[in-house]
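Here's the structure we're looking at; comments come further down.
Taken together, the values in this text are just the output of simple stated rules run on the coordinates, not laboratory data. Note that the structure is predicted; figures quoted are calculated from it, not measured. Cβ coordinates were reconstructed from backbone atoms using ideal geometry, including for glycine residues, and neighbour counts include every protein chain displayed.
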Amino acid sequence: MPLPLIPSSDAILTGRAVRASTWSDIGNVANYVLGAGSVLIPHHLLPSSLSTSIDIYRYRAKTRAVGVEREWFFTFDDVVGGAEGTYTIAVPAGGPAQTIIVPPGVRHVARITETVGAPASADTELTFSIAYPSGSGSKRIGVSCHEVPRATISQAEGAVDISALRPRGRIYTTAIAPVVARAADYEIGRRTALFQWAVPATRAGATITTFARASTSGTFASVLDLGVPILARARYRGETTRSLTARFYGWVSSASTLECRVTTSHSASTSSTVTTTSTAPTWLTAVTFTVDCEDLATIDGLQSSIFDFVTFQFRRSAGAGTVYIAGVSCWED
């Protein structure tokens, strides 16, 4: 896999040993955690009904500025011993398509690398498209995505210059600053994607409702069949909850209003609501809510030995049409 070109004078290794008692080794630790990749889409299954036309899946995650490449993994399981299948996948959607041939009767994993043109620490949309032009439709397909760990990082990106931290030598404030910055960096260890769910909202460029969750009720209903067990990280002593962010991908059929919110079971949190009247699929404004974080004094990390179940809810709050949801994403900001 090709790595991004960085001038040799500014190419700082991220994978050096991290056990010792000098500033230089602390710098190695800082470079290691800065270069480590983050999970953006935990593995989940796609709907079983594919099309010869192009289906697009959309997710959101809090990406990192050092994430210059992403690796997508597509897992194909032949559940009934069908024939060879041919798939066309593009990452991101609209990008160059790749043809994946899946043999019959086996599990097949396809890996596709995406180069990020302008990486940033931001709420970012992640997309891919898939079509099934020929073969058996009996495959169960899963998808996941993560940032590729960096072998080298430049000082401009926050890396520590180890040569400026020689043992028994003078250490200047400018040399220590990146070490301190990494210790205080909220992004280190941040859970960039705690939950992802997506189904196609468009097929061959046209909006479809085949897979979306739909409602005409004015009462809040869960997007998913069950609540999602989510456990946030604890960063400070005595913390019991942490704030998370969620976004919904939805639309309405006619003059109606889609309203969404998030609730939790154990921490008893309810987010503010967000709405849209768009008749085209769109990402609603982000909402924040609190959820239990890890209890480091217990074996399972749970508060009161129970998971905090998160429920993503939607309803039609106005109008006479139908409201739809085709995606939910949740992360730690």
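Put simply, the amide H of Gly95, placed in the peptide plane, has no neighbours under 5 Å, leaving out anything fewer than 5 places away on its chain. Largest mean-square fluctuation among Thr216, Thr173, Thr63, in a Gaussian network model of the chain whose springs join Cα atoms under 10 Å apart, belongs to Thr173. Between the helical axis of 173-183 and the longest alpha-carbon principal axis of the chain there is an angle of about 40 degrees. Each Lys and Arg contributes +1 and each Asp and Glu -1, all at the Cβ; summed about the Cα centre of region 249-333, the dipole is approximately 660 debye. Here the spin labels are modelled as points 7 Å beyond Cα on the Cα-Cβ line, and at Ser163 and Ser254 they lie 7.1 nm apart.
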